[in-house]
Amino acid sequence: MALQQLTDEQIRTWTREQKDRWWLERVFRGDMPQLTLRSALTGFGLGMLLSATNLYVGAKTGWTLGVGLTSVILAFATYRLLSQLGARDMTILENNCVQSIATAAGYMTMPLTSGLAAYMWATNSVLPVWQIVCFTIVLSILGVLVAFPMKRRFINDEQHPFPEGRACGVVLDALYEKAEAASGMFKARALALAAAFAAGLSFVSGENFMRLVQQKWLGFSSSWHLPHNLDGWYYSLVERGLAPLPKLAGVDLRQLALSPTLDLAMIGAGGLMGIRTAVSLLVGAVLNFVIVVPIMISLGEIEPRAGSIAEGTALFGRAHILNTWALWWGITMMVVAAMVALFARPDVFVDAFRTLTRRRSADRGGSDVLGHIELPLWVSWIGVPIIGAFGVWMAHEWFGVHWLLGALSLPLILVLALIAASSTALTGITPSGSLSKIPQFAFGAIDPRTPAPNLMTAVMCSEVASNSSNLLMDIKPGYMLGAKPRQQAVGHVIGIFAGAIAATPLFFVLFGLTGWDAGTGKSVMDTMVSEKFAFPAALQWKGVSDLVTAVFGGDSGGLLSRSIVWSMAIAGFSALVMEVLRIRTHNRFPLSPLAIGLGVVVPPDSTLMMFVGAAFFWLMSRRYGARRDTSGYRVWVDSQEPICAGLIAGAALVGIGDILVKVFVFG
């Protein structure tokens, strides 16, 4: 059926009871199958698969990609094909349930590539798998319990858009209209072809896959694989004396991490993020690695970790450059930009706190007409303190967070969840990264002796806030399509378990933590961070933690040199000015200071490939955007998101497989 919605006048003047009755009579689909065994299993399987790709992308870029539309298209195509073989097609509400489960699973990777990784780096210890699984599940369920009281206001009463969730609802409605079914299958084929292309190219460039095929299976004495680095041919000329060695500040460009690679996952990620963000990322990378770092090397502020510049034997590397100097100004830029953007919208805070004070007609004795399908509020009122207390106990027993600080984090969690939900409701952006800095600074100031208070309380706050906001985002399309919210809550919990069970063990295997031994002399951070996986989000979390510990612990002088302090001051002021300009010009200012700072910590080769992807799809949009009757529009504009999702999934899954072959076959 066509999507129905209230007018602005109705939203403004009707009571929540009137809105609920309208929804029950006009939108609710009654007993249409929703959370069935096959939708649960499909969502569980897709969630595990997509959480693996999110883990891969998050470790490379620091971003967690939404997987809602990808799961919608995959589920639709799968059951549409099975229906042609005699199986019953999936209903629109079953597909919506699959989307909710898969999305919940995908977002479970966020703490693994940010706060939890930073905690293990700061303490140089590896947390047991079972502790991470239990802790993240408890926090995510707490997010579900926090979300449902807010659902009645944000979705039922005020009808906020939740842009990404609304997009999923519109796509689902279009797919199940007979006229649009062919378009849905076309997008599914585009996704599959993009995934196959990316997987094939990644397979032949996978050193371990090629070694397995050529040496293990075919018996060759050696193996060949497609080179990752696009400039490999040039350096082969250098080795033969046919071309000069390119240098900056007397240093080989490769020592400055300036060596482009072909990475289709990053091209797909760039296509999803858009040209403006990708340009800002590229500006940050060029500014840092091409301009600022060579100047600092020339001035002697950044010394090589080994060798000599004069003798041409200097060894730097991206990780060394970041950890000894560049990380600080990049982090400062991200934190200042994020906090300015957050506090520049006081209406978000005011709107959030109205939930605590506003009295609704239904709360004054009005009829709860949706009580038979909503998650009962008593579940949240009882569950939040019980689950919250359990989370505080875990933080104390496993991570060394003082009982008092853990208890103080609970009311802060509720406040930050309200703020995050208000932002997500209006913009589709969940500011969990910037919100995490509030507990980092607050609890770090109270107890600066160890990193546990500022890191783990921030993990608690950001995970609950992001999970509650993401749940509301998932519920929005279900509300638009007439789904039972109680079953959506259960589906979200299923997704939480799927993501935790799939992503956490893979996290340990993928980043070399299985069997890690402190006696080898290699730290957890050195084990996990590589030229392939930079962990930008975790670097930001640890950088803020180190700064908090140093400042409030009274040892900042030994951590920050004079040039670093100046770089932080300049970066902070620049971020403030650019973010204010962006806000005052209503987002017309072309650069994002947050993305510029991120460009400092993301590997330059990944940044370049993201720019390539964003630029390609921007050009295609400019060329075909107004020509809706052409095949170019159908492929490059209308199917942009499926193509990008396919590139990410194909390249990421084969990339993960290549690492697993190395661990289990050649390890």
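The values are calculated or read from the model by the stated rules, or taken from the named source; none is laboratory data. In this text the structure is predicted, and so the values were computed from the model without any measurement. Here Cβ is always computed from backbone atoms with ideal geometry, including for glycine, and neighbour counts include all displayed protein chains.
Each row is one residue, and each column tells you yes or no for (1) free of Cβ contacts under 8 Å to residues at least 60 places away in the same chain; (2) surrounded by fewer than 17 Cβ atoms within 10 Å (Cβ to Cβ); (3) under 26 Å from Leu299 (Cβ atoms).
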residue: Arg562; (1), (2), (3): yes, yes, yes
residue: Trp566; (1), (2), (3): yes, yes, yes
residue: Ser574; (1), (2), (3): no, no, yes
residue: Leu581; (1), (2), (3): yes, yes, no
residue: Arg584; (1), (2), (3): yes, yes, no
residue: Arg588; (1), (2), (3): yes, yes, no
residue: Val602; (1), (2), (3): no, no, yes
Q. Looking at Gly515, is it part of a loop (DSSP other than H, G, I, E, B), surrounded by fewer than 22 Cβ atoms within 10 Å (Cβ to Cβ) and not hydrophobic (A, V, I, L, M, F, W, C)?
A. yes
Q. Just for the range 6-42: of the residues that are hydroxyl-bearing (Ser, Thr, Tyr) and either modelled with pLDDT of 90 or more or assigned to a helix (DSSP H, G or I) (or both), which one is surrounded by the fewest Cβ atoms within 10 Å (Cβ to Cβ)?
A. Thr13
(Q) Looking only at the range 105-159, filter to residues that are surrounded by 24 or more Cβ atoms within 10 Å (Cβ to Cβ) and of a type in the set (Ser, Thr, Tyr); which one of those is farthest from the chain's Cα centre (by Cα)? (A) Tyr119
Q. Of these, Leu242, Leu272, Leu258, Leu201, which one is under 21 Å from Asp605 (Cα atoms) and either assigned to a loop (DSSP other than H, G, I, E, B) or free of Cβ contacts under 8 Å to residues at least 40 places away in the same chain (or both)?
A. Leu258
(Q) If Asn323 satisfies all but one of (1) assigned to a helix (DSSP H, G or I); (2) touching a residue at least 60 places away in the same chain (Cβ under 8 Å); (3) over 19 Å from the mean Cα position of the chain (by Cα), what's the number of the condition it fails? (A) (2)
Q. For the range 549-608, which fully contained helices (runs of 4 or more DSSP H) count at least 3 residues that are among the polar types (S, T, N, Q)?
A. 562-584
Q. In this structure, is Leu237 surrounded by fewer than 17 Cβ atoms within 10 Å (Cβ to Cβ) and either part of a loop (DSSP other than H, G, I, E, B) or of a type outside the set (A, V, I, L, M, F, W, C) (or both)?
A. no
Q) Does the range 628-640 contain at least one residue that is farther than 22 Å from Leu175 by Cβ, in a helix (DSSP H, G or I), of a type in the set (A, V, I, L, M, F, W, C) and touching a residue at least 60 places away in the same chain (Cβ under 8 Å)? A) no
Q: Considering each of Gly307, Gly300, Gly317 in turn, give the residue that is more than 25 Å from Cys644 (Cα to Cα), surrounded by fewer than 21 Cβ atoms within 10 Å (Cβ to Cβ) and touching a Ser or Thr at 6+ places or on another chain (Cβ under 7 Å).
A: Gly307
**Q.** Residue list for the range 616-642, restricted to those being under 29 Å from Glu207 (Cα atoms) and modelled with pLDDT of 90 or more
**A.** Phe616
